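The values are calculated or read from the model by the stated rules, or taken from the named source; none is laboratory data. Just so it is clear, the model here is predicted, and its values are computed rather than measured. Here the Cβ positions follow ideal geometry from the backbone for every residue, glycine too, while neighbour counts run over all protein chains shown.
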Amino acid sequence: MLPDQFLFGVEVMLNGLMAGVLYALVALGFVLIFKASGIFNYAQGVMALFGALTLVGIMDGQVPFAHLINSIFGTDVHHFGWHVPAFLSILLVMVVMVGLAWCVQHFIFRHLVGQEPIILFMATIGLAYFMEGFGDLMWNSEIKKLDIGIPQGGSMWIEEATSFLGGTNFYGFFIDKLEIVASLVAVVLVIVLVAFAQYTKEGRAMRAVADDHQAALSVGISLSFIWVLVWSLAGFVALVAGIMWGAKSGVQFSLSLIALKALPVLMLGGFTSIPGAIVGGLIVGVGEKIFEFLIGAPFLGGATENWFAYMLALVFLVFRPQGLFGEKIIERV
Amino acid sequence: MFYRESGDFSETYPADSQTFPIKFDRYRYYAVLVVAFLIIPFIVNDYWANAILVPFLIYAIAAIGLNILVGYCGQVSLGTGGFMAVGAYACYKLMTAFPDVSIMFHIFISGGITAAVVTLFGLPSLRIKGFYLAVATLAAQFFLVWLFNRVAWFYNYSASGQINAPDRAVFGHLVTGPNTDAWAKYMICLVFLTFAGIVARNLTRGSLGRKWSAIRDMDIAAEIIGVNPLSAKLSAFAISGFFIGISGALFFSVYLGAVEVGEAFGIQKSFLVLFMIIIGGLGSVFGSFAGAAFMVLLPVLLKNVLVGGLGWDTALAAHLEFIIVGALIIVFLIAEPHGLAQLWRVAKEKLRLWPFPH
């Protein structure tokens, strides 16, 4: 028999871990692009939103740009009237994300090679604005339900299996099935990404580019191909993150704000480290839930999740400026 | 033809080191001041003041402040919205606590308070650099907004959680509150902007500005040639915070009148001001003005064309606005990464030689 308060704490921590997995998923997309091209991609969150919007749109057979078409031609179209199965739509959205990656590379970043990092960063903010408007224009901005058959709701099995731990007030750990699925998907995704980077020709080329652009160019690796590849991978990761968050809380504008949650994760883990993104995500997820549970809600009036991760990262960085796993910053005059 | 140094002899040292060494520039500057102070106040109406002029003046102050930090000293900050909120809430607390003191003092003091807060959040910049610092300033943004939302003392325990500007007058004319005349709003903002512009321009071309530039270009090298990074970085944070605080105070008290912190000073505001200085030109006072004008005018123009001109509904226009703003930013960065100020510089170089090509 353990005290209830302690068990609630453990439950909060478990839920934090699950949330942390989702943060890590978004942070992963950031790290991929930052390593390969030095671009700090603010649009990652909007990419997740765009992916999820497109998925819902294709599944429900919405007419793209219906609102615009109706305004110009005075028609009244909105649905094709068919439903595409989830698996097929995900494949289609992946094609869209690759197309998006190609467009981003060819229309924006090819023209900005060699610019300062701040300029590239601003360009991604511009891209974020553009895609936000474009996604809304294409699929309209209502809140949509995303249902691709992932189980949802608390897992009864875990609740019953763990209820013996506590006293009469404790009914077992409440853990959403969706979050368990999300964690499993994230683990699989990371394994696939690592395997891709380690064992395929393209993956090796990708790591070479991340290591040194010039050296990679000199052995005949096409930078523009690698950049399209990396943006596609990031788009794919964003799509997975978008599906998970979308299934959890509906596909809507606030989904793009998860990018802001991923930033402190990146700072903690280091901008250039994939394991850093995952560990950072878990630390932030657990940390903010525990802080809210122990200090935020009882003493500070709640909603501390908004800033806790940033403060944690800020304090942490003062002691270790490159993050947990980032490359050591060496500066020469 | 008219735009050149030749024939314009300076006979004293002050004349030699004046802000505008070219006579034409000098007269243009006086002409702009005359138009801004003596002509516009008499013809301005409510729509122009509220939709265009007042936001432009206030954002220009914020852009000058941020430009000092990002453009001159190279410390990227994404906390502008939160810092403006500090100015606004400081101004509100001062206005309600000391109703007899002139609001001009309140606005200056809220600038000072903001400077102190910004310096505090600037302390990590001594250890953290680049994007890590940019993200670290987001900590300030989210923390400050949360603080003003949660701690009731800041909004004087009002039930709505909003802050409302009481009526205050300068020289007998109301400048805050709902009954303010358009020209009074315009004038008070203009006075502060002129002050900010002159101070910023002179600071950035003096020794302090050179220290900032040295830090921006390479902080280790700057340290070796004798620039103290502690004082240079923190002075940039403090002075930038001072201007941003003034703009926040004006934004709340003169422009909006009533503020809900998450809405008025959210992260979007930070990005908006950052866009202004990037589009206008980093490291240029003129760029701050140009960028602020661009970002204020663009949505007004789009709205007039799309909703007023084509008759589309507002939701559609809002989406299109996002697309156009995003695309314009990207196009701008590709075409001229150094912003409108660089176009201006190129134009002036061309003018100097005109009509002869060499």
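Quick notes on this one:
- A:Gly172 meets all of the listed conditions (1) at pLDDT 70 or above; (2) buried (at least 19 other Cβ atoms within 10 Å of the Cβ); (3) among the small types (Gly, Ala, Ser); (4) over 23 Å from B:Ala315 (Cβ atoms) but one, namely (1).
- Residues of segment A:314-333 that are more than 7 Å from every other protein chain (Cβ to nearest Cβ) and outside any loop (DSSP other than H, G, I, E, B): A:Val315, A:Phe316, A:Phe319.
- A Cβ distance below 9 Å, combined with a sequence gap of six or more or placement on separate chains, defines the contacts here; from segment A:297-318, residues that are among the acidic types (Asp, Glu) reach residues that are at pLDDT 75 or above in the pairs A:Glu305/A:Lys261; A:Glu305/A:Glu288; A:Glu305/A:Lys289; A:Glu305/A:Phe291; A:Glu305/A:Glu292.
- Count of segment B:313-358 residues which are without any contact (Cβ under 8 Å) to a residue 12 or more places away in the chain and either aliphatic (A, V, I, L, M) or within 12 Å of chain A (Cβ to nearest Cβ) (or both): 20
- Residue-level check: of (1) in a helix (DSSP H, G or I); (2) within 30 Å of A:Phe271 (Cα to Cα), A:Phe40 misses just (1).
- Residue check, A:Phe293 within 13 Å of chain B (Cβ to nearest Cβ) and over 20 Å from the mean Cα position of the chain (by Cα): no
- Test: residue in segment B:275-291 that is within 14 Å of chain A (Cβ to nearest Cβ), of a type in the set (Phe, Trp, Tyr) and in a helix (DSSP H, G or I): yes
- Considering residues of segment B:265-274 that are in a helix (DSSP H, G or I) and within 12 Å of chain A (Cβ to nearest Cβ) only, the residue nearest to B:Ile64 (Cα to Cα): B:Leu274
- Among the numbered conditions (1) charged (D, E, K, R); (2) within 13 Å of another protein chain (Cβ to nearest Cβ); (3) surrounded by fewer than 24 Cβ atoms within 10 Å (Cβ to Cβ), the only one that A:Glu288 does not meet is (3).
- Residue that is farthest from B:Ser270 (Cα to Cα), among those in segment B:158-172 that are at pLDDT below 85 and more than 25 Å from the chain's Cα centre (by Cα): B:Gly172
- Which numbered condition B:Leu301 misses (of (1) within 12 Å of chain A (Cβ to nearest Cβ); (2) farther than 30 Å from B:Gly209 by Cα; (3) part of a helix (DSSP H, G or I); (4) of a type outside the set (D, E, K, R)): (1)
- Out of B:Glu223, B:Glu263, one residue alone is within 25 Å of B:Met95 (Cβ to Cβ) and without any contact (Cβ under 8 Å) to a residue 12 or more places away in the chain. It is B:Glu263.
- Residue within segment A:108-120 that is at pLDDT 85 or above, at the interface with another protein chain (Cβ under 8 Å from one of its Cβ atoms) and surrounded by fewer than 20 Cβ atoms within 10 Å (Cβ to Cβ) present: yes
- Which numbered condition B:Glu349 fails, given (1) touching a helix residue (DSSP H, G or I) at 6+ places or on another chain (Cβ under 8 Å); (2) farther than 30 Å from B:Gly111 by Cβ; (3) assigned to a helix (DSSP H, G or I): (1)
- Segments classed as helices (runs of 4 or more DSSP H), wholly inside segment B:124-232, with at least 1 members that are farther than 29 Å from B:Ile52 by Cβ: B:130-150, B:207-217, B:219-224
- Residue in segment B:87-95 that is part of a helix (DSSP H, G or I) and either of a type in the set (Asp, Glu) or within 17 Å of the chain's Cα centre (by Cα) (or both) present: yes
- Qualifying residue in segment B:119-137 (condition: in contact (Cβ under 8 Å) with a residue 60 or more places away in the chain and more than 14 Å from chain A (Cβ to nearest Cβ)): yes
- Some residue of segment B:235-242 being surrounded by fewer than 22 Cβ atoms within 10 Å (Cβ to Cβ), assigned to a helix (DSSP H, G or I) and in contact (Cβ under 8 Å) with a residue 12 or more places away in the chain: yes
- Selection from segment B:90-112 of residues that are in contact (Cβ under 8 Å) with a residue 24 or more places away in the chain and in contact with a Leu (Cβ under 9 Å, 6 or more places away or on another chain): B:Cys91, B:Ile103, B:His106, B:Ile107, B:Ser110
- Any hit, segment B:37-55, residues being closer than 30 Å to A:Met267 by Cα and part of a loop (DSSP other than H, G, I, E, B): no
- Pairs meeting the criteria (first residue in segment B:139-161 and within 9 Å of B:Gly82 (Cβ to Cβ), second residue of a type in the set (S, T, N, Q) and part of a helix (DSSP H, G or I), beta carbons under 9 Å, at least 6 apart or on different chains) are B:Gln141/B:Thr80; B:Gln141/B:Ser270; B:Phe142/A:Asn306; B:Phe143/A:Asn306; B:Val145/A:Asn306.
- Any pair with Cβ under 6 angstrom, 6 or more apart, that starts in segment A:257-279 at a residue that is on the phi > 0 side of the Ramachandran plot and within 13 Å of chain B (Cβ to nearest Cβ) and ends at one that is at pLDDT below 80 and not in a helix (DSSP H, G or I): A:Gly270/A:Gln322; A:Gly270/A:Gly323; A:Gly270/A:Leu324; A:Gly270/A:Phe325; A:Gly270/A:Gly326
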